[in-house]
Amino acid sequence: MKLEREVIIDLLPAYFSGEASAATRTLVEEFFRENPDFEKSARSAAGPLDSLKAAPSRLGAGLDAEREKLALERARLVTETRSSFFWLAVISTLMLFLFRIQNGKVIWIVWSGSTSGSGSRAPLIMAMTAFFWLFYLYARTRTTPLPAHTKFLWMATFYSLLTGFFKIENHKIVWVLFHGDPSAGIFIAAFAAALWCIYFIQWWQFKRTNK
């Protein structure tokens, strides 16, 4: 599990003083194994630990039990979000390569079928794959947990874009989700509308609590 440098430095005072919990020691030692140069600098630092950061530490030299708990919770939420979207991205990517053997031939499940039937699954799964990878890459750039309204914004945008998927068939535009039986398209459109409502509610609450 990869933790941000800032979170680890926040935990170092408790770690070196011997007052850290078992969970904190495990997190710090795992980061040390992955970053031996950082471990060497941390163990040999005679001055304040702020020198290990590009910017001054917000918590200073001391870290009490409550701050340690908050730092661990922040680390857990950050890594949990990353891990969730990483594995969703991996699974959706692997779905593109599902196949079966039929009459001695390899049949790619997602990519086979008629244009009006199972063949329409490919662009939808590709969209899901791109969405999950983009969300994962975005989460990797953050050192703090994603606000709830941000997650709903991404999800609402994604499902809204899904309803706009189309293909050209016989020189006509065919809306994939509404072609043939439109029930799937109607359901996804309603789901996207609900996500937008939740997003605006969450955004309003976030703004109100952070004034």
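The values are calculated or read from the model by the stated rules, or taken from the named source; none is laboratory data. Quick caveat, the model's predicted, so the values are computed rather than measured. Quick reminder, even Gly has a Cβ in these numbers, built from the backbone with ideal geometry, and neighbours come from all protein chains shown. Side chains are part of the model used for accessible areas, which takes the heavy atoms of the whole protein and leaves out ligands, DNA and RNA. Shrake-Rupley method; radii C 1.70, N 1.55, O 1.52, S 1.80 Å.
Considering only residues in segment 143-171 that are buried (at least 16 other Cβ atoms within 10 Å of the Cβ), over 17 Å from the mean Cα position of the chain (by Cα) and not in a helix (DSSP H, G or I), the one that is modelled with the highest pLDDT turns out to be 163. Residues that are at pLDDT 75 or above, open to solvent by less than 90 Å² (accessible area, probe 1.4 Å), closer than 24 Å to residue 80 by Cα and small (Gly, Ala, Ser) do not occur anywhere in segment 172-192.
When residue 17 is tested against (1) farther than 30 Å from residue 154 by Cα; (2) at pLDDT 80 or above; (3) loosely packed, with under 12 Cβ neighbours inside 10 Å, only condition (2) is not met. Starting from segment 122-142, keep only residues that are crowded, with 17+ Cβ neighbours inside 10 Å, then list their pairs with residues that are among the charged types (D, E, K, R) whose Cβ atoms are within a distance under 7 Å, requiring at least 6 positions of separation or different chains. As it stands, the answer is 136/82; 139/82, since those pairs meet every condition given.
If you go through segment 166-192 and keep only what is under 14 Å from residue 127 (Cβ atoms) and among the basic types (Lys, Arg), you end up with just 167. Look at segment 189-211: where a residue is under 14 Å from residue 151 (Cβ atoms) and a partner is open to solvent by less than 100 Å² (accessible area, probe 1.4 Å) and not in a helix (DSSP H, G or I), sitting 6+ places away or on another chain with Cβ atoms under 7 Å, you get 206/147.
Applying a threshold of 8 Å to beta carbon distances and a minimum spacing of six or more residues, or different chains, the list of pairs starting in segment 71-86 at a residue that is surrounded by fewer than 18 Cβ atoms within 10 Å (Cβ to Cβ) and ending at one that is modelled with pLDDT under 75 reads 77/145; 83/1. Checking 101, 109, 91 one by one, the residue that is closer than 29 Å to residue 168 by Cβ and either out of contact with any Asp or Glu (no Cβ under 8 Å at 6 or more places or on another chain) or modelled with pLDDT of 80 or more (or both) is 109 and no other.
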